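These notes concern the structure reproduced below.
Bear in mind these aren't lab numbers, they're just calculated from the coordinates by the rules spelled out. On a predicted model such as this, the values are computed, not experimentally measured, just so you know. With ideal geometry, Cβ positions are generated from the backbone for all residues, glycine too; neighbour counts draw on all protein chains shown.
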Amino acid sequence: MITVYGYLGAPRPALVDAAASASLVVGGRRHLDALAVPDGRRLVLGRIDPAIDAIRALPAGADAVVVASGDPLFYGVVRRLRAAGLALRVVPEVGSLQAAFAAVALPWDDALLVSAHGNDPAPALAACRTHPKVGLLTDPRTGLGEIVAATAGLGRLYVLAERIGEEDERVRVLTEDEAAAVTPAQPHVVLVLAHHPDDPAALGAQHPLAGGPREDLP
Ligand SMILES: C[S@@+](CC[C@H](N)C(=O)[O-])C[C@H]1O[C@@H](n2cnc3c(N)ncnc32)[C@H](O)[C@@H]1O
């Protein structure tokens with residue numbers, strides 16, 4: 001059985017148990033360290049192909065655990081594992097963007113959720129200029145600094161959510177000037193808002209299509 005567990009801050013008890021007994025545990029180094037997975041049973045996730053090969057090489061009936069941040073179905077590993085033909089069980093966690101919106105008590109059904117993580121960041125940064133409520137997954141190359149530069153002069157507010165769920169988690173609401181002076185910790189997500197989260201205007205409007213009205217649909 002291959003089980004993909006989401007992880008945000010602290011592992012759920014079922015993940016702790018599964019990681020203690022699985023033949024192979026695949027995940028980021030900080031996740032594997034937190035689960036105290038010994039060298040002989042761990043594979044640190046970098047490129048996905050070696051992980052797929054290692055899972056396929058397990059004897060029939062062996063258990064593999066894959067640890068992924070947040071919701072593994074949202075910009076996570078599940079697409080590539082399933083595309084490789086692996087049958088999976090998925091145990092999701094709260095996603096990092098969901099947690100960031102919760103930290104400032106803002107509904108997110110009207111938000112545009114985008115990823116600059118390992119992608120061409122241009123579409124995600126463009127969305128921040130045109131949409132009033134955007135949640136961005138970042139990576140070490142495209143983070144708060146690049147987001148602020150792409151939205152300079154628009155009067156946006158930035159919710160910087162660093163290391164969600166960890167002991168040093170920090171969530172701040174920053175103006176453009178404040179955000180430009182911050183070097184964020186990794187990992188982090190950023191909400192780019194046209195209104196301060198405490199302004200009722202930031203609540204936005206509920207729309208049948210998540211992310212708000214679309215000009216190309218009725
Ligand atoms: C490949 S994406 C995975 C997103 C994940 N599936 C989710 O639902 O949150 C990785 C990015 O998610 C964000 N992220 C993941 N864990 C985080 C955490 N604990 N605190 C803040 N951001 C996090 C960061 O922007 C990170 O670069």
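Could you work out the relative contact order of the chain, using alpha carbon pairs under 8 angstrom and six or more residues apart, expressed as a whole percent?
20 percent
I need the semi-axes of the equivalent ellipsoid of the chain: take the C-alpha gyration tensor, multiply each eigenvalue by 5, square-root it, list largest first in whole angstrom.
Those come to 34, 18, 15 Å.
Normalised by the residues of segment 2-91, what does the relative contact order come to in percent, with Cα pairs under 8 Å and at least six apart?
Result for segment 2-91 is 46 percent.
Please report the spacing between the Cα centers of segment 67-128 and segment 1-33 in Å, no decimals.
Using only Cα atoms, the two centres lie 18 Å from each other.
Once phi is turned into θ = phi - 60°, what whole-Hz ³J(HN,Hα) does the Karplus curve with 6.51, -1.76 and 1.60 give for every residue of segment 149-163, x standing for Gly and Pro?
For segment 149-163, the Karplus-derived couplings read 4, 6, 10, 4, x, 8, x, 6, 9, 10, 9, 9, 10, 9, 6 Hz, x marking Gly and Pro.
With +1 on each Lys and Arg Cβ and -1 on each Asp and Glu Cβ, how big is the dipole of the chain about its Cα centre, in debye rounded to the nearest 20?
Here the size comes out at about 700 debye.
Counting only DSSP beta bridges with both residues in segment 2-91, what percent are antiparallel, rounded to the nearest 5?
Just about 5 percent of them are antiparallel.
Using the 10 angstrom Cβ neighbour count as an exposure proxy, how do Ser115, Ser21, Ser69 rank, fewest first?
Ser21, Ser115, Ser69
Cα-based Rg (one decimal) and Dmax (whole number) for segment 96-203, in Å?
When restricted to the Cα atoms of segment 96-203, Rg and Dmax are 12.2, 34 Å.
Spelling out what I want: for every residue of segment 31-41, take phi, set θ = phi - 60°, compute 6.51 cos²θ - 1.76 cosθ + 1.60 (Karplus), and round to whole Hz; glycine and proline get x.
Coupling constants for segment 31-41: 5, 5, 5, 5, 8, 6, 7, x, 3, x, 10 Hz.
If you add up the charges near Glu176, with Lys and Arg at +1 and Asp and Glu at -1, over every other residue whose beta carbon is less than 14 angstrom from its beta carbon, what do you get?
Once all neighbours under 14 Å are counted, the net charge is 0.
Can you tell me how much longer the chain between Arg80 and Gln206 gets when fully stretched, taken as 0.36 nm per residue apart minus their C-alpha distance, in nm with one decimal?
Gain in length upon complete extension: 42.1 nm.
What does the convex hull of the Cα atoms come to per residue for segment 2-91, in Å³?
So the per-residue Cα hull volume is 88 Å³.
Counting other Cβ atoms within 10 Å of each Cβ, which trypsin sites (Lys or Arg not before Pro) in segment 119-218 have at most 12 and sit in a DSSP loop?
Arg141, Arg214
Under a point spin-label approximation (7 Å from Cα along Cα-to-Cβ), what is the Glu169-Asp49 distance to one decimal in nm?
3.8 nm
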